[in-house]
Amino acid sequence: MKDVLFVGAGGALGTSARYGVQTLLPAAGADFPLGVLFINWIGCLFLGWFFTVTLRSWRIKPRWRLAIGTGFTGGFTTFSTFAVDAVRLTVHDRALTAVLYLLLSVCGGLFLTWTGIRLGTKMTQAAPKEGSL
């Protein structure tokens, strides 16, 4: 039951952070959903990095990993809005824009996840080992 509370608390913070970021970015009008793309890219980069560093060297409790990784990042990113935006673009005869959005979202998300993993790996390799100071 505590795991659910940790995920829920993280999710509430992540959703609030997404709302805050969305207010700073252009609205998802008929042109291009840049805000959602940017938010999902940030989430991909962060999650790749976070799980790499916390599983390799930053020893944090599993419940905090759930709260931050599953809760916060899951609440911050938004697959459902991504899907609605892609369909909305298609319905409004913006098929080319929809394809571009899909490609940027998926390929960019995969690339940024990979980049986050690489950054986390480099950070944990460069970090001094415990007891070596």
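The values are calculated or read from the model by the stated rules, or taken from the named source; none is laboratory data. These numbers come from a predicted model, not from an experiment. Cβ: placed from backbone, ideal geometry, glycine included. Neighbour counts: every protein chain shown. Heavy atoms of the whole protein, side chains included, go into the accessibility calculation; ligands, DNA and RNA do not. Shrake-Rupley method; radii C 1.70, N 1.55, O 1.52, S 1.80 Å.
Laid out as a table, the results:
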{"read-out": "Over the chain: helical MRE at 222 nm, DSSP H runs n ≥ 4 each giving -39500 (n - 2.57), nearest 500", "value": "-25000 deg cm²/dmol"}
{"read-out": "Span-rule helices in the chain, defined as complete DSSP H runs reaching 30 Å or more along the axis (Cα) with Kyte mean at least 1.0", "value": "34-56, 95-126"}
{"read-out": "Protein accessible area in the chain, 1.4 Å probe - carbon and sulfur %", "value": "72 percent"}
{"read-out": "Per residue value of the accessible surface for the chain (all protein chains in place, 1.4 Å probe), Å²", "value": "63 Å²"}
{"read-out": "Sorted peptide list for 85-92, 62-69, criterion being average Cβ within 10 angstrom, highest first", "value": "62-69, 85-92"}
{"read-out": "Rounded accessible area of residue 16 (nearest 10 Å², 1.4 Å probe)", "value": "80 Å²"}
{"read-out": "Gain in span if fully extended, residue 95 to residue 3, counting 0.36 nm per residue against the direct Cα distance", "value": "28.9 nm"}
{"read-out": "Tail weight of P(r) past 25 Å, computed on alpha-carbon pairs of the chain, percent", "value": "36 percent"}
